[in-house]
Structures are given as structure tokens and as C-alpha cells.
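J.: Sharing a structure, written as C-alpha cells. Questions coming.
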Amino acid sequence: MMSKIFDDCFDVTIKALQKDGLIKEVDAKEYKNIKLSAFMKFKVDQYEVKDFGNMSVMRLNMGLMKMLTVVFSPFKKDMPLLSLDFMIVGGVRKYYAEFYELVDDKNEMHKEWLGKYNAIIAKYSDLQSFSAKEAWYESLLCSVAYKQFKSGQDLRFMELHTELLGKYIEAIKTYPLIGEGRFLTKKRLIKEYSDNLIDKGGISTDTFKKKLGAEKTRDFFDKVFFGSENY
């Protein structure tokens, strides 16, 4: 059952974007598989999202511990960056949905869509919330869902994930493309956040830095995880 919910979450995510031909797989090359230890082996997939930017997917399966990370980096539209993490440790599941306000213009459209994300999150108050560890990037978060649950609520979790992801995909289709001048600002905002994760630290980033080194981690972030080098 543990493997099923993990696989279902991955499948739902990919199929939701494949449905309208939104994604095209990109060769992650040397970063397709990242080995941090004998047991910690990540499978990495990278996609170009049409008229949007980069999407990366990382999967880790260590038996009793599984982790799925999906990051949407919007280089072509002035949307928040979205990071999704689904983690299973023993019988406990944790879900992190984080919207980062790496936007050039916090206009009415931006506020309207944040309201839509927050309305969805509020519907799932029956799933227990938890507090994430304090971090330097808290000021960049404009909407979050931190949920902890057990197998009995797997279907309820999938409803939350599917609805929240679906709303973000709707925004991808709705938002206008940014102009060439603002594109450079957008890229800078994402690149600065990416660099600061390495320079100032992050829970997962610190693990990668320890095993790969800062510059190799930066190369992975720039080429695949956030993909700024491709835009």
C-alpha cells in the first residue's frame, strides 16, 4: 500500500501535465541518477513545460523511506515557483506544497491566484497540519500546505494533491507570457533563490552539498533541478 500511494502520486503528477501536451522530457544527462550513498539513490527526470519553463522530478526509494520532489520553475510566466514534496517514513506520510513569491509584479492577477490556492488548501483542514523547520527563505513563501497523515487518509491526500496541482496547471495555461525585458528579471529571481539555497542552506540542499560539493550541486541546480542555465 505504501508503494501504491507513492507511485500514484507520481503518475497523477505526470499524467496531469501530459494530458494537454504541456511537457516534453529533457535529457538530464549525468544527473539522471544521483548517488549520495549506498542506499540514497535519486532518479531524476527533467521536463520542459510549454510556454512556462522547467519541471524537475526526483524520486528516492529506500524501502521504509520514500520521497518524491517536483519543482516547477516559471521562467516564461510571472508565476510563483512551486515546490512539492511527498515523503513516506514508516507509516507516516508528509506533504509539503510551497509557493515561492519569485515574481516581478505582485499585481491583482497574482493575488487572485494565491487566493485560489489558499481556498483549496483550506478545504483540507481535516488533514493534520504541521510546522516546517524555520529557514531563511520563509519570507519568500506566499502560500503553503504542510500536511501529515497515515494510510487511512491516502485518498483524501490524493484529492488535495490533484486539486492543487490542477489549479497550478490552470494558471500555467492562463498567465500571459512575460516580455523580454522582464524575462531577465524573472530569471534572476529564480537563480538568486537557487544560489541562496546553496550559500545559505536548505534541508535537502545541505545533504547534496555534503556529498557532491557546493559547485557540483550548483551545476545540478542550474542545469536540471531549477534549469536556469537552459533559459
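The values are calculated or read from the model by the stated rules, or taken from the named source; none is laboratory data. Just so it is clear, the model here is predicted, and its values are computed rather than measured. So basically every Cβ, Gly included, is an ideal-geometry build from the backbone, and we count neighbours across all protein chains shown. The accessibility values were calculated without ligands, DNA or RNA, using every heavy atom of the protein model including side chains. Shrake-Rupley method; radii C 1.70, N 1.55, O 1.52, S 1.80 Å.
J.: Please compute the length gained on full extension between Lys19 and Lys4, using 0.36 nm multiplied by the number of residues separating them and subtracting their Cα-Cα distance. Walk me through the intermediate numbers first.
T.: Details: separation 15, 0.36 × 15 = 5.40 nm, distance 2.14 nm.
Full-extension gain reported as 3.3 nm.
J.: Only loop residues by DSSP count here, and only those with at most 14 other Cβ atoms within 10 Å; note down the trypsin sites (Lys or Arg not before Pro) in region 47-137 that meet that.
T.: On the way: sites: Lys50, Arg59, Lys66, Lys76, Lys77, Arg93, Lys94, Lys106, Lys111, Lys116, Lys123, Lys133; in loops: Lys50, Lys76, Lys77, Lys106, Lys133.
Hits after loop and neighbour filter: Lys106, Lys133.
J.: How big is Rg to Rh over region 71-115, alpha-carbon atoms, Rh as the Kirkwood inverse-mean-distance radius? Don't skip to the end; give the middle numbers.
T.: On the way: Rg = 13.7 Å, Rh = 12.1 Å.
Result for region 71-115 is an Rg/Rh of 1.14.
J.: Which residue fluctuates the most in the chain, going by a Gaussian network model with Cα springs under 10 Å, if the choices are Asp199, Asp51, Asp20?
T.: Greatest mean-square fluctuation among the candidates belongs to Asp20.
J.: Hey, another quick one. Rank Lys187, Lys35 by accessible area, highest first, at a 1.4 Å probe radius? Spell out each step's value before the answer.
T.: Numbers: Lys187 60, Lys35 135 Å².
Of Lys187, Lys35, the descending order of accessible area is Lys35, Lys187.
J.: Taking the Cα-to-Cβ direction at Asp11 and at Lys35 and moving 7 Å from each Cα, how far apart do the two end points lie in nm?
T.: 3.0
J.: Let me ask something additional. Past the 22 Å Cα-Cα mark, which pairs from Lys76/Lys211; Lys133/Lys187; Lys43/Lys94? It would help to have the intermediate numbers written out before the result.
T.: Numbers: Lys76/Lys211 32 Å; Lys133/Lys187 27 Å; Lys43/Lys94 20 Å.
Long pairs (Cα-Cα over 22 Å): Lys76/Lys211; Lys133/Lys187.
J.: For the pair Lys116/Ser131, report the inter-label distance in nm, with labels modelled 7 Å from Cα in the Cβ direction.
T.: In this crude spin-label approximation the distance works out to 3.2 nm.
J.: To continue, here is another question. Which of the chymotrypsin sites (Phe, Trp or Tyr not before Pro) found in region 42-144 are in a DSSP loop and have at most 14 neighbouring Cβ atoms, other than their own, within 10 Å?
T.: Phe130
J.: Leaving out ligands and nucleic acids, and using a 1.4 Å probe, what accessible area per residue does the chain come to in Å²?
T.: Details: 10980 Å² over 231 residues.
Here the per-residue accessible area is 48 Å².
J.: On to the next question. Please report the equivalent ellipsoid semi-axes of the chain, computed as sqrt(5 x eigenvalue) of the Cα gyration tensor, largest first, in whole Å. Please report the intermediate quantities before stating the final value.
T.: Values: eigenvalues 123, 103, 59 Å².
Calculated on Cα positions only, the semi-axes equal 25, 23, 17 Å.
J.: Additional query: Within region 128-231, list the GluC sites (Glu not before Pro) lying in a DSSP loop whose Cβ has at most 15 other Cβ atoms in a 10 Å radius. List each step's numbers first, then the result.
T.: Values: sites: Glu134, Glu138, Glu159, Glu163, Glu170, Glu180, Glu192, Glu215, Glu229; in loops: Glu134.
Answer in residue order: Glu134.
J.: How big is the shadow of the Cα convex hull of region 121-231, averaged over all directions, in nm²?
T.: Working: hull surface 36.2 nm².
About 9.1 nm², averaged over all directions.
J.: Using alpha carbons only, how many angstrom separate the centre of region 40-73 from the centre of region 210-226?
T.: If you average the Cα positions of each part, the centres end up 14 Å apart.
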